[in-house]
Structures are given as structure tokens and as C-alpha cells.
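One structure is given here, and the rest of the page talks about it.
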Amino acid sequence: MAQYNVAPLENLVEQFEKMPGIGHKTAQRLAYYVLNLSKTEAEQLAAAVMDAHTKIHYCSRCCNLTDKELCPICASDSRDHSVICVVETPRDVTAVENTREYSGTYHVLHGSISPLNGISPEELTVKELLARIAQGGVNEVIMATNPTVEGDATALYLSGLLKPMGIKVTRLAYGIPVGGDLEYADEYTLAKALEGRNEI
């Protein structure tokens, strides 16, 4: 049986397959979708990818994604800068913001401590968090890391560093299922978890 291979198409499918949650069939559908775009639409898609890559960087204060020096949350005067919600990923910021129940600021760790995967505190934005708190004005840090073994270990590690600094450290209440990710929690569950957070 003859094999049907179009190298550029196969390459496109392979690139889509590298994305999280994208299997071979979905990658094929996306590749054919891209092929059916007009030349202008394909150029706009490619330009959007390159634009995001070149313009988006970490906020100099909270390490969330932004295209400016400070992200819109850190730059806002209407946010409560005395409270910092520590999350693992920028997607978690979006999840908490969608509850419309939180008016403080954030700190994005870009992962969690996981010795088995070779991720130590040095590879996260822990130093940046400590430097922020050392500047003063922060009263509470909410640990909103995922309710997993790694998320809990990260929250406990950070709590050990922050408590001697006189900072109130709280943890999201477990309305979030253990082993789940914040980005998949519904707004009500997340709002309740924020509301019932406990000191750790």
C-alpha cells in the first residue's frame, strides 16, 4: 500500500501535536483548517504568533504575562496591593479573575516545586516574591497553588519563608477538587474556595 505523505502538511500536523491536549486527529483538523485559510488569513495567524512571542514578557512586579512594564492588575490603583494571591500559571490568574470576588494582586510562580521532575524553588519566581514583600506594604499572601502534592509542598515551602517576615499566609479552602487544576474549576467553586481560605 502506497504511503501518502506531503512533507509540509506532516510537519504542520507534528507542530500542532506538540500542543497540550492536542491528539493526532485534532492536529490533522487544525492543519487542514490552516491550509484552507486565505494567504492573508494565514499571514495574520503567523503574525499573531510572532507578535505574541516578541511582545509578551513577564510583568516586572508579579511575573504575569504582559506587553507593558507592569501588567494591568499591578498598574491599577483600584486593586488592593496589600494582598498577593500566589498562583502557579498565568491561566490561574484568569481563573481567579473570572470569579469577580478578588480585588488584590497576584504573583505567578510559573510552576510548582517538584523534586521528581527536577523543579526546585530556584526555578520558580520565589526570589521575586520575597523581594516584593521585603519592600513592605503586604499584609496577606494567599496560597492559590493547585491542590496537588506539588502545589501543597510549594504552599508549605513559601509559608515557611513568609511567616517569619510577619506576613499572614492563607490557603484556598478545599472547594477545589484535590488533584484538579484551578483553570478547570467553575467560578462558583473558586469563589467559595477564596471566601473560605484558611491560614496555614
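Just so it is clear, none of the values below were taken in a lab; they were calculated from the coordinates. Everything numeric here is computed off the predicted structure, so don't read it as measured data. When we count neighbours, we look across all protein chains shown, and the Cβ atoms used for this are built from the backbone with ideal geometry, even at glycine.
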#### Entry: Residues whose placed amide H lies under 5 Å from that of ARG171, excluding near-sequence neighbours
MET143, ASN198, GLU199, ILE200
### Message
Antiparallel versus total DSSP beta bridges in the chain: what percent is that, nearest 5?
### Response
30
### Message
So if I place +1 on the C-beta of Lys and Arg and -1 on the C-beta of Asp and Glu, and nothing else carries charge, what would the dipole magnitude of segment 59-199 be about its Cα centre? I want it in debye, nearest 20.
### Response
380
### Task
Using a Förster distance of 22 angstrom, determine the FRET efficiency expected from the C-beta separation of GLU123 and GLN15, and round it to 0.05.
0.25
### Query
Once both labels are modelled 7 Å past Cα along the beta-carbon direction, what's the ARG79-THR189 spacing in nm?
2.6
### Query
Can you give the extra length, in nm with one decimal, that the chain gains between ILE167 and GLU101 once fully stretched, where that is 0.36 nm per residue apart less the Cα-Cα distance?
21.6 nm
### Task
Would you mind checking the tilt of helix 24-35 against the longest principal axis of the Cα atoms of the chain, expressed as 0 to 90 degrees and rounded to 10?
70
### Query
Straight-line reach from LYS18: which lysines have Cα under 30 Å away, leaving out those fewer than 8 places along the same chain?
LYS39, LYS55, LYS68
